[in-house]
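Report on the following structure.
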Amino acid sequence: MSTKMKNQTEQEYSEKLKIKIELEKNLYQKIDGSSLKSFERINKYLKGMSYFFDRNLIKGHLDFESIASLIAQKKNFKVISGRNPSAPLHLGHLALFRLLLELQKLGATIFIPFTNDESFIDGKVDSFESGLKTAYETIPYLIALGFDPEKTKVLVHTEYLDIYKLGMYFGSHVNTNQLKSLFGEGSINTPSKVFYRGAVQLASILMLQLEEFGGSQNTLVPVSLDQHPYVLLTRDVANKVKMTPP
Amino acid sequence: METKHYIENFIESSIFSHEFNDFDQIQSLISKRLSKKNELKIVYGETYDEFGLTIDSLKYYFTLDILGKLLRSNGMDVKAILIIGDVASTRNKAAVNKKVSIDSRIKENLSKIRKIIGAYNLDIQVRLMSELFESNKYKQNFENVTSICLESDQIKQILENTVLQNRIKQERESEFLYSREEIALITDYNIKIGPPRELNYDNVARIISRRLGLPELISLYLEPTYPLGLNFDYFISNPQIEKYGITPYKGGSNKLNDHRLFLENLDKKNIENLLDKSSVPSDPTLPNPVGDIYIIADLARRMLENDFEFVPHPTTQIDTKVILNLFDKYVIQIL
């Protein structure tokens with residue numbers, strides 16, 4: 001890893017860590033008008049359906065009630081979980097993939113966008129093609145883990161150029177001050193990063209409600225705590241464009 | 001087994017709510033009364049809507065009777081009273097607006113209650129709220145309660161919490177008349193059996209009893225009543241119903257009448273259908289409407305077989321077919 005990339009990664013990490021610590025201090029208090037709710041109550045009802053619920057691994061949620069309803073009625077819902085293909089898979093990815101598999105068993109269609117554009121603009125890879133190669137190398141692992149091919153969709157950002165057009169549309173509902181407070185200066189210090197984080201990443205989640213991806217449907221986004229402010233932003237934009245907030 | 005243990009085991013069985021009852025305190029208060037061998041008055045009250053008598057009322061009638069019997073077997077002089085809230089039922093604006101004859105519904109319910117008392121040999125007295133309102137004792141209680149309630153902002157705030165949101169305006173206009181009447185009635189009793197939704201009324205009643213120097217009311221809350229035929233997501237989305245249940249004696253509570261069972265229409269196929277569609281949780285702290293039907297059926301069996309030996313905290317994870325057969329044998333065929 002180059003020194004420049006190492007410094008960027010450390011800066012990004014330290015900014016994310018600050019956000020995470022702040023959130024953990026105020027876990028269930030109002031954050032920008034939307035309170036993260038404890039998952040404990042819902043978890044009791046879902047015990048026995050998956051070891052993730054049996055082991056109380058999920059800490060908070062927003063509007064999971066609608067997903068719980070779909071699970072109860074054995075109806076479909078969507079789950080999106082992006083993968084930044086900057087390096088090969090490691091053991092840490094297994095926990096997330098196993099959660100996605102469990103959700104698939106409960107009725108979810110899993111969408112895995114490979115954000116090779118993000119890998120490139122963050123300096124983690126030297127080219128889009130390098131990230132593309134890593135993305136494709138992930139697919140056999142997904143099959144080996146047991147993902148149902150009929151209910152698993154992968155998409156590499158740079159191979160789906162419409163995402164950038166959609167990003168322009170969704171990004172028009174975000175301002176740069178919001179991005180600064182969400183990501184910190186280090187993560188939006190180039191025009192590419194501003195466009196990616198303020199537009200493309202939104203498009204990646206919200207485009208799942210387009211007809212091409214099955215139409216409007218509840219979308220679940222499993223994230224770690226530091227991503228919560230970004231989920232709030234996405235929900236805010238969804239409301240503005242009259243889509244279902246994830 | 002000593003009959004005192006019968007009472008303890010009964011109170012700690014799955015009929016009574018473990019969330020809303022402080023069993024140590026209740027056992028201690030009952031023990032004190034038992035040692036004094038005074039008269040005890042235990043009460044349960046109902047109001048009605050345009051739907052008929054629900055099977056959930058049976059749970060309360062049987063519990064009222066069993067508690068009375070167990071206390072008498074300990075040498076107490078016990079009166080077990082069922083109060084029919086005829087005045088409160090007809091005063092409700094929603095009932096008036098529906099132009100349904102609540103009066104005739106009350107008469108039908110009374111007739112059914114008498115049939116239930118006869119069929120299960122219940123030793124309970126039925127009193128109409130309108131009759132009780134005429135007594136001098138009640139009138140004095142009502143004056144005392146009114147003066148304390150209206151003088152205290154703290155009590156008024158607590159009374160606000162006793163009222164459903166869709167009735168708050170009506171109740172504020174009447175200065176919480178319904179609540180004051182209810183409290184004035186129950187301060188005359190020693191033990192009150194009711195659904196957890198009545199918690200706030202009872203707390204106010206206790207505050208007032210203390211101020212009037214009366215013995216503290218003991219409240220015994222039964223496990224909440226839950227609607228049948230719904231999946232678990234209903235309770236996730238309705239935390240108030242998850243916690244407090246629906247009103248057991250009002251079939252239209254929360255507009256869930258299609259998910260209730262009524263004594264006038266006990267169709268076995270319909271019951272089986274509702275039981276099959278109900279979600280049964282593995283966690284005993286979660287709503288279990290199917291378990292509640294088992295409790296009602298089992299209580300009905302005990303009434304007919306004079307079996308009042310209860311097991312503390314028994315499991316209610318019973319097969320639906322078993323529950324249905326029990327319910328058929330001891331409730332449908334009897335009524």
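Taken together, the values in this text are just the output of simple stated rules run on the coordinates, not laboratory data. Everything numeric in this text was worked out from a predicted model, so none of it was measured. Backbone-built Cβ (ideal geometry, glycine too); neighbour counts: all protein chains shown.
Just checking the listed ones, A:Asn43, A:Asn84, A:Asn177: in the Gaussian network model of chain A with Cα springs under 10 Å, the one fluctuating most is A:Asn177.
Residue exposure proxy: A:Thr138, A:Thr190, B:Thr225, ordered by other Cβ atoms within 10 angstrom of their Cβ from fewest to most, comes out as A:Thr190, A:Thr138, B:Thr225.
Extension gain for B:Asn254-B:Ser282 works out to 7.5 nm (0.36 nm per residue, less the C-alpha to C-alpha distance). Mean-square fluctuations from a GNM of chain A, with a 10 angstrom spring cutoff on Cα atoms, peak among A:Leu62, A:Leu208, A:Leu161 at A:Leu161.
Quick one: net charge around A:Lys78, please, counting Lys, Arg +1 and Asp, Glu -1 for every other residue with C-beta under 11 Å from its C-beta. Summing Lys and Arg as +1 and Asp and Glu as -1 gives +2.
Rounded to two decimals, the Cα radius of gyration of segment B:28-169 over 2.2 N^0.38 Å is 1.22.
Extension gain for A:Lys165 to A:Leu57 (0.36 nm times residue separation, less C-alpha to C-alpha distance): 35.2 nm. Run the simple label-point estimate for A:Lys47 and B:Asp123 please: 7 Å along Cα→C-beta, distance reported in nm. Using points 7 Å along Cα→Cβ, the separation is 4.1 nm. With contributions of -39500 (n - 2.57) from each DSSP H run of at least four residues, the per-residue ellipticity at 222 nm computed over chain B stands at -15500 deg cm²/dmol. Computed on the Cα atoms alone, the convex hull of chain B gives a volume of 133 cubic angstrom per residue. Judged by the ratio a/c of the largest to the smallest principal axis of the C-alpha gyration tensor, chain A counts as rounded, that ratio being less than 1.5. For B:Ser35 paired with B:Arg301, estimate the spin-label separation in nm (one decimal), with each label point 7 Å from Cα along the Cα-to-Cβ line. Once both label points are built, they end up 3.8 nm from each other. Partner shielding of A:71-77 amounts to 2, given as the average count of beta-carbon atoms from other chains within 10 Å of each residue beta-carbon. When each of A:Met168, B:Met76 is scored by the number of other beta-carbon atoms lying within 10 Å, the sequence from fewest to most is A:Met168, B:Met76. Comparing A:Gln209, A:Leu99, A:Leu145 along the charge dipole axis of chain A, the residue lying farthest to the positive side is A:Leu99, per the Cβ-charge model.
Amide H neighbours of B:Gly45 under 5 Å, counting only residues 5+ apart in sequence or on other chains, H built in-plane at 1.01 Å? Here the answer is B:Ile83, since their amide H atoms fall under 5 Å of that of B:Gly45.
Taken over the C-alpha atoms, segment B:213-335 has Rg and Dmax values of 15.3, 53 angstrom. Convex hull volume of the C-alpha atoms in segment A:71-157, normalised per residue: 85 Å³. Full extension of the chain segment joining B:Lys139 with B:Leu212 gains 24.8 nm, where the gain is 0.36 nm per residue of separation less the Cα-Cα distance. With a threshold of 30 Å on the Cα-Cα distance, the over-threshold entries among A:Lys74/B:Lys329; A:Lys74/A:Lys165; A:Lys74/B:Lys243; B:Lys79/B:Lys107 are A:Lys74/B:Lys329; A:Lys74/A:Lys165. Connecting C-alpha atoms closer than 10 Å in a GNM of chain B, tell me which of B:Pro287, B:Pro239, B:Pro196 has the biggest fluctuation. Greatest mean-square fluctuation among the candidates belongs to B:Pro239. Neighbour counts of C-beta atoms inside 10 Å place A:Asp226, B:Asp22 in the sequence B:Asp22, A:Asp226, starting with the fewest. Projected onto planes of every orientation and averaged, the convex hull of the alpha-carbon atoms in segment A:50-100 covers 4.6 nm². The equivalent ellipsoid of the protein assembly as shown has semi-axes of 59, 26, 22 Å, largest first, where each one is the square root of 5 times an eigenvalue of the Cα gyration tensor. Loop-located trypsin sites (Lys or Arg not before Pro) across segment A:137-243 with a Cβ neighbour count of 10 or fewer within 10 Å are A:Lys242, with loop assigned by DSSP.
For segment A:66-97, list residues with backbone N below 19 Å from a point placed 7 Å from the Cα of A:Lys133 toward its Cβ? Backbone N within reach: A:84-90. In sequence order, segment A:141-151 has phi-based couplings of 5, 4, 5, 4, 6, x, 5, 6, x, 6, 10 Hz under the Karplus curve 6.51 cos²θ - 1.76 cosθ + 1.60, θ = phi - 60°, and Gly or Pro positions carry x.
Calculated on the alpha-carbon coordinates, the convex hull of segment B:240-293 measures out at 87 cubic angstrom per residue.
Once both labels are positioned 7 Å from their Cα atoms along Cα-to-Cβ, the gap between B:Arg72 and B:Ser237 label points is 4.8 nm. The simple Förster model, with R0 at 22 Å and r as the Cβ-Cβ distance, assigns A:Ile143 and A:His93 a FRET efficiency of 0.90. Using Stokes-Einstein with the Kirkwood hydrodynamic radius over Cα pairs, what translational diffusion coefficient do you get for segment A:145-234 at 20 °C and a viscosity of 1.002 mPa s, in µm²/s rounded to a whole number? My calculation gives 149 µm²/s for D. Exposed loop sites were defined as trypsin sites (Lys or Arg not before Pro) in DSSP loop states (anything but H, G, I, E or B) carrying at most 14 other C-beta atoms within 10 Å; in chain B the longest segment without such a site runs B:100-335.
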